[in-house]
Amino acid sequence: MKRINQIDAFDLGRSPLSDEEREKLRRERLQKQKEEGYQLLAELCYLGEYDAAKKIANQNQNWGYEIVGGEVMEKED
């Protein structure tokens, strides 16, 4: 722990992220959301809640999934 006289009040803390680091974090966050979305949709389909799964898949099209025949499928563009 620093002594009070060693603390610089004008120091902003950590350095700002580079564009590459920011983009990497954004991609990781989107991938995590996609994986969690798949798990949610798969669980709803397992429970027989196909309409709820379809609704959630349509609301979150960025995940890239659709419900076909009660199963979670990747959308084909």
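Could you please find all residues in segment 4-34 being open to solvent by 100 Å² or more (accessible area, probe 1.4 Å) and under 30 Å from I67 (Cα atoms)?
Residues satisfying the conditions are K24, R27, R29, K32.
Of all residues in segment 23-77, count the ones that are in contact (Cβ under 8 Å) with a residue 24 or more places away in the chain and part of a helix (DSSP H, G or I).
The number of residues fulfilling the criteria is 10.
The values are calculated or read from the model by the stated rules, or taken from the named source; none is laboratory data. As the structure is a computational prediction, the values presented were derived from the model and not from experiment. Cβ sites come from the backbone with ideal geometry, for glycine too, and all protein chains shown count toward neighbours. We work out accessible area using only protein heavy atoms, side chains counted, and drop any ligands, DNA or RNA first. Shrake-Rupley method; radii C 1.70, N 1.55, O 1.52, S 1.80 Å.
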